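This report concerns only the one structure given below.
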Amino acid sequence: MGMTMTQKILAAHAGLEQVESGQLILVNLDLVLGNDITSPVAIREFNKLGKEQVFDKEKVTMVMDHFAPNKDIKAAEQCKMCRSFCDDKEITHFYDVGEMGIEHALLPEKGLVVAGDAVIGADSHTCTYGALGAFSTGVGSTDMACGMAIGKAWFKVPSAIKFVLKGKLSPYVSGKDVILHIIGKIGVDGALYRSMEFTGEGLASLSMSDRLCIANMAIEAGAKNGIFEVDAITLDYIKEHSCREPKVFRADDDAVYEQVIEIDLSALTPTVSFPHLPENTKTFDEIGEVKIDQAVIGSCTNGRLEDLIAAAEILKGRKVAKNVRAIVIPATQKIYLEAMEMGLLKTFIESGAVVSTPTCGPCLGGHMGILAKGERAVATTNRNFVGRMGHPESEVYLASPAVAAASAVTGYLTDPRKLMEN
């Protein structure tokens, strides 16, 4: 019986020639990730194990991104614990204020993940790295602690859904629209504990930013992981960012999939996920007048340079609507610097937006953009659950950077294509 991409990676890391869905296996890990929220719990559990050192100081990483720069005393204490642990254990890849970024944008940029890796992270959006042809998935802090100690993790091998992408995206349509369309189609539990595997000639039209965005939100469909077939675009990105040699795993021709879904990229249009689930998607032919109070452009989903360029194209020469707060958050320091050198930050500020240091802040309702009762935000983030960005009676509408920027200008959910026609 043939294996999927994910099954091949897991088999290789378990030292097995063959695995099948439902099988329990112990997997050797290439990277263990934590952030300033999840790492302190993992550190406490690690200390209970009585281990003197982590399994490999090059293969453990912590990124201070959720409440950093520290928003309060508790956040400061959490970061201090992580800082002290990484200093004591001589962790090579510890990223703090000044060199940190939003973790799932930072790690690919730093070249810490390449094709063929097996990665766990104490953050649900660790599935992002599937864009690079790696197996990566979110785990709890206890699993992170064990991963740091022994470099292994138990998995039940997932079955898979194959997404065959065809055609090419139209202007002002991006990877965010692709994944929102898919989640709207299959639902938030449509890929429950399955691998979402992306292939097809349509891959050629998707940039790495598109792929990272799509893989990032695999978890919003309930998936164990999302993974893209490795092609020249993937290998070029890895070569640019990493000195490590990728290992390419391709699905067998007779690999078993629970479902095969074809997506015509050319048929997709700007899509918005309405409150309070990512599956509640609508296109603009279904959307009436929806007034917004805030627009957030950033996060591990859409804070990359390509996302900022898309937003700046729309905001250039225009003004953010009165009584709308527009917040732009470059995902890493490198992206921040590149955006500054390109003049994008000037465009944002002249439009009436504010630009923040890299942080997850508003995405999880932490800081830098909390919503009050009754307020609505259009955001390029990945979740719109009740109270996700603030008050439980606020609302979050998920969209692409182009939609968020266009909406910031008009004060209402807006199709960027129509705005750019005027």
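The values are calculated or read from the model by the stated rules, or taken from the named source; none is laboratory data. From a predicted model like this one, the values you see are computed outputs, not experimental measurements. Heads up, the Cβs are rebuilt from the backbone with ideal geometry, glycines too, and the neighbour counts pull from every protein chain shown. Just the protein is used for accessible areas: all its heavy atoms, side chains included, with ligands, DNA and RNA removed. Shrake-Rupley method; radii C 1.70, N 1.55, O 1.52, S 1.80 Å.
Data overview
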{"quantity": "Listed peptides 79-90, 267-278, 43-54, 122-133 by packing density, highest first (mean Cβ within 10 Å)", "calculated": "122-133, 267-278, 79-90, 43-54"}
{"quantity": "Accessible-area value, residue 342, 1.4 Å probe, nucleic acids and ligands omitted, Å²", "calculated": "110 Å²"}
{"quantity": "Residue-count net charge about residue 168 - beta-carbon cut-off 14 Å; Lys, Arg +1, Asp, Glu -1", "calculated": "-3"}
{"quantity": "Å² per residue, accessible surface of the stretch 264-351 at 1.4 Å", "calculated": "43 Å²"}
{"quantity": "When each of 176/247; 282/418; 291/319 is checked by Cα-Cα distance, pairs over 20 Å", "calculated": "176/247"}
{"quantity": "Cross-link partners of residue 71 among lysines (Cα-Cα below 23 Å; sequence separation of 8 or more within a chain)", "calculated": "80, 334, 373"}
{"quantity": "Net charge over other residues, Cβ less than 11 angstrom from the Cβ of residue 200 (K, R count +1; D, E count -1)", "calculated": "-4"}
{"quantity": "Gain upon complete extension [residue 260, residue 316; 0.36 nm per residue less C-alpha separation]", "calculated": "16.0 nm"}
{"quantity": "Per residue accessible area of the stretch 123-215, 1.4 Å probe, in Å²", "calculated": "28 Å²"}
{"quantity": "Mean Cβ neighbour count within 10 Å, used as a protection proxy, ranking 91-104, 361-374 highest first", "calculated": "91-104, 361-374"}
{"quantity": "Extension gain from residue 285 to residue 346, taking 0.36 nm per residue of separation minus the Cα-Cα distance", "calculated": "18.6 nm"}
{"quantity": "Accessible surface of the chain, 1.4 Å probe, proportion on carbon and sulfur as whole %", "calculated": "51 percent"}
{"quantity": "At most 13 other Cβ within 10 Å, DSSP loop - trypsin sites (Lys or Arg not before Pro), the stretch 298-357", "calculated": "322"}
{"quantity": "Burial order of peptide ranges 239-250, 25-36 (average beta-carbon count within 10 Å, highest first)", "calculated": "25-36, 239-250"}
{"quantity": "Cα centroid separation - the stretch 280-321 against the stretch 166-219, whole Å", "calculated": "18 Å"}
